[in-house]
Amino acid sequence: MNHHLFTIGHSAMESDAFLKLLQQFEILLLIDVRSRPRSQRFPQFDQIELEGTLRRAGIRYLFLGEELGGRPEDPKGYRSDGLVNYRALRKSRTFAAGMKRVLAELESSDLALLCAEEDPLSCHRFLMICPELAAMEIAPVHIRKGGIQETQREAEDRLLQVQKMAAVAGESLFPEDRRVALESAYAAQSERYGFRIDPRELEMW
């Protein structure tokens, strides 16, 4: 790809600070991957408000929360205990359609995937979407607080350290060991940060 793919979490940022970050990295398209693009605490990131702010700054907005969001409406996207199943979602036609759209947009401009959490390790954009990007040999860069950049490799290493698998972090001599460890680390991290619903809701669908 000739263009760069970033991810960013809006957290509690003010609109001006958020725009400055997007402009700093010359992002021309913001793809919203929140299932529910609204925030009572931070109304500047409600979909309508955000879209207007971006438009005035010359930045395009695209909502793909239905395709790439971490809180699916389909009960098949959840385990029997109510935890969202990222692996199952990645195999869905809806997710594939969303990824296809991201790749198509990436052909023409630098873009960023938007969600709420500042730290990618606690967000579905990293836990669900980034493994698929990595499998396509696309390495996203995560924009952190203060404009600090964290590469996908660095985020993966941090994940392995958090999950007590630091032995295969960094420049491991055994890439297959790293791949297997990453799968386990992603699964463990998803257990902690993945969206959950009351299992009884699944019976009502």
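Readers should treat all values here as calculations from the given coordinates under stated rules, not as data from a laboratory. Given the structure is predicted, the values throughout are model-derived calculations rather than measurements. Cβ atoms come from the backbone with ideal geometry, glycine included; neighbour counts cover every protein chain shown.
Just a few scattered comments:
- When both the range 165-205 and the range 2-63 are represented by their alpha-carbon centers, they are found 27 Å apart.
- For the range 5-204, the number of Lys pairs separated by eight or more positions or lying on different chains, with C-alpha atoms closer than 22 Å, is 4.
- ALA134-LYS20 FRET efficiency (beta carbon distance; Förster radius 35 Å; 0.05 resolution): 0.75
- Each residue of the range 146-151 is assigned a 3J(HN,Hα), and the resulting list reads x, x, 5, 9, 10, 6 Hz, derived from the Karplus form 6.51 cos²θ - 1.76 cosθ + 1.60 (θ = phi - 60°), x at Gly and Pro.
- Sequence ranges 19-30, 144-155, ranked by mean other-Cβ count within 10 angstrom, highest first: 19-30, 144-155
- Using the rule -39500 (n - 2.57) for each DSSP H run of four or more residues, divided by the residues of the chain, the 222 nm mean residue ellipticity is -12000 deg cm²/dmol.
- For the peptides 94-100, 53-59, the ranking by mean Cβ contacts within 10 Å, running from highest to lowest, is 94-100, 53-59.
- Amide H contacts of PHE63 (H built 1.01 Å from N, under 5 Å, at least 5 apart or other chain): ASP32
- The range 70-95 and the range 101-145 have Cα centres separated by 18 Å.
- Annotation: the antiparallel percentage among DSSP beta bridges lying fully within the chain is about 25.
- Protection proxy ranking, peptides 123-136, 74-87, average beta carbon neighbours within 10 Å, highest first: 123-136, 74-87
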